[in-house]
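Note sheet for the following structure.
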Amino acid sequence: MNKTKRSSRRRSPSIRSDEIVDYKNTSLLRRFVSEQGRILSRRMNRLTSKQQRSVATAIKRARVLALLPFSNNEN
């Protein structure tokens, strides 16, 4: 049976080592939010579990402080 080959090349990490995940860094956090304002999944973001938890916490803090919108519904 033929199995489909998966690409074995390493993807570039979505968070560089010099970038700090913080609620004040809205330009970084906007990359992890969808058009509808939802936090994207770990697989789509290509993050580790620890990174995803810190990104989610930072996004929630930024929303409470009105740095990021809760939703992007423009009706």
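The values are calculated or read from the model by the stated rules, or taken from the named source; none is laboratory data. All of these numbers come straight from a predicted model, not from anything done at the bench. So basically every Cβ, Gly included, is an ideal-geometry build from the backbone, and we count neighbours across all protein chains shown. Areas reflect the complete protein model, heavy atoms only, side chains present, ligands, DNA and RNA absent. Shrake-Rupley method; radii C 1.70, N 1.55, O 1.52, S 1.80 Å.
Assorted remarks:
- Ligands, DNA and RNA aside, Ser54 has an accessible area near 50 Å² when probed at 1.4 Å.
- Surface composition of region 22-75: carbon and sulfur atoms hold 47% of the protein heavy-atom accessible area at a 1.4 Å probe.
- The charge dipole of region 33-75, taken about its Cα centre with unit charges on the Cβ atoms of Lys, Arg (+1), Asp and Glu (-1) only, comes to about 360 debye.
- Förster-model FRET efficiency, 35 Å R0, Asn72 and Ile20, C-beta, rounded to 0.05: 0.90
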